[in-house]
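Read the structure below first, then the notes.
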Amino acid sequence: MVVDNKLKSIDFIQKTVILIFIVGKTIRKINLRPAKKMSPGEVVESERFLVSRLNKAEDTIVQVGSSSIGGNNFTMIAGPCAVESADQLQKTARWVKEQGAHLLRGGIFKARTSPYSFQGLGREGLEYLCQARTEFSLPIVTEALAPAQVHELLPRVDMLQVGSRNMQNFALLDEIGRVKKPVLLKRGMMATLDEFLAAAEYIYSKGNHQIVLCERGIRTFETAARNTLDLTAIPILKERTHLPVIVDPSHATGNRRWVIPLAKAALAVGAHGVMVEVHPAPDKAFSDGEQSLDFNEFKELMAELNKLLLVR
């Protein structure tokens, strides 16, 4: 009986070795044909991408209105998570402009986890954004959720945003790649850096080279914060890509108390800017009030960042 079991074990091992050999040989065959152009069934390393630092050594500078993102610049993008009213946006735009913000953010189409949550004001919100841009000379950034919205927003906004949930919405990435408009691409909440760069490549390869990457925290086993801010992504991405990289500490934390220290950390590790949520009355916000700074907190943030910028 013992001998019989040994023979069965030997037979199983032999079959396993043969199977591993066959599979290994097949994988090796596929990977032995790397090409600069991707073809069906082939995997090309991100180092071969057009967004790779190996393809372009010098930093890409993305011009949004009068602001330059990338290089030695540090850009502040601020505004409410969602545009709620003309009054709310006007008050916020005036305050962030006075404190030194370079761009105004505000969501008019909102991708929400629950279908019963506030979905944004749509075209009405776009009108409020355009009015604020005119009055305060702030370029505006807002998110497109679908390819059709790209062309609706195109003539009226200064920068399109691709949110984390849409990082691998390839139809949307392709459409944005075909237009000449700066784009803020957020990292997916469970995306690797390779996947993040591949998403940027979709846009870049279609002809739109005005891409800013945004690290906004990833989902891990830790539940103390809304997400886990991956600060290691900043120096890694700066080594691997010529595209500018900014940080969104609001979505990364989900708590306004931690936004200021993490924004400072983003500057310290070399980010080209930060994007934060600001609201005149965060406790009454229609969405993400917990992570939005009030006006005094935003003023404190700008003061802290300016101190660091003086010695950078």
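Using C-alpha pairs under 8 Å with a sequence gap of at least 6, the mean separation divided by the residue count of the chain gives a relative contact order of 17 percent. Counting neighbouring Cβ atoms within 10 Å and putting the fewest first, the residues THR228, THR253 line up as THR228, THR253.
Multiplying the residue separation of GLU195 and LYS180 by 0.36 nm and subtracting their alpha-carbon distance yields 3.1 nm.
Taking the number of Cβ atoms within 10 Å of each Cβ as an exposure proxy, the fewest-first ranking of HIS272, HIS102 is HIS102, HIS272.
Taking a ≥ b ≥ c as the square roots of the Cα gyration tensor eigenvalues, with a/c under 1.5 meaning rounded and otherwise prolate when a/b beats b/c, else oblate, which class fits segment 182-312?
It is prolate, given that a/c is not under 1.5 and a/b is the larger ratio.
Just tell me the longest site-free run in the chain, where the sites are GluC sites (Glu not before Pro) in a DSSP loop having at most 14 other beta-carbon atoms within 10 Å. Each step should come with its number before you reach the end.
On the way: sites that count: GLU42, GLU45, GLU58, GLU222.
The answer is 59-221.
In this simple spin-label model, placing a label point 7 Å from the Cα along the Cα-to-Cβ direction at both ALA265 and GLU47 gives a separation of 3.0 nm.
Is the C-alpha gyration tensor of segment 46-311 telling us rounded, prolate or oblate? Criteria: a/c under 1.5 is rounded; beyond that, a/b larger than b/c is prolate, otherwise oblate. The partial results should precede the final answer.
Values: a/c = 1.36, a/b = 1.17, b/c = 1.16.
Here segment 46-311 falls in the rounded category.
Computed over the Cα atoms of segment 222-294, the ratio of the radius of gyration to the Kirkwood radius (Rg/Rh) comes to 1.02. The fraction of all Cα pairs in segment 53-170 landing in successive 5 Å bins from 0 to the largest distance is 2, 11, 20, 21, 20, 14, 7, 3, 2, 0, given as whole percents.
Give me the Å³ per residue figure for the convex hull around the C-alpha atoms of segment 136-211. Walk me through the numbers before you get to the answer.
Details: hull volume 6.3 nm³, N = 76.
Residue-normalised Cα hull volume stands at 82 Å³.
When you filter the chymotrypsin sites (Phe, Trp or Tyr not before Pro) in segment 95-128 for DSSP loop state and at most 12 other Cβ atoms inside 10 Å of their Cβ, you are left with TYR116. Sorted fewest first by neighbouring Cβ atoms within 10 angstrom, ASP158, ASP194 come out as ASP194, ASP158.
Percent antiparallel among DSSP beta bridges with both residues in the chain, to the nearest 5? All intermediate terms of the calculation are to be shown ahead of the outcome.
Working: 5 of 30 bridges.
Percentage antiparallel, nearest 5: 15.
Would you please put 278-284, 207-213, 306-312 in order of how densely packed they are, using the mean number of other Cβ atoms within 10 angstrom per residue and starting with the highest?
Details: 278-284: 18.0, 207-213: 21.3, 306-312: 9.9.
The most tightly packed comes first, giving 207-213, 278-284, 306-312.
Rounded to the nearest 0.05, what FRET efficiency do GLU239 and ALA171 give with R0 = 22 Å and r taken as the Cβ-Cβ distance? Could you check?
Numbers: r = 31 Å, r/R0 = 1.39.
With a Förster radius of 22 Å, E is 0.10.
Dipole check for the chain: with +1 at the C-beta of Lys and Arg, -1 at the C-beta of Asp and Glu, and the Cα centre as origin, the magnitude is about 980 Debye.
Bear in mind these aren't lab numbers, they're just calculated from the coordinates by the rules spelled out. The structure displayed is predicted, hence computed values, not measured ones. For neighbour counting, all protein chains shown are included, and Cβ atoms are generated from backbone atoms with ideal geometry for every residue, glycine included.
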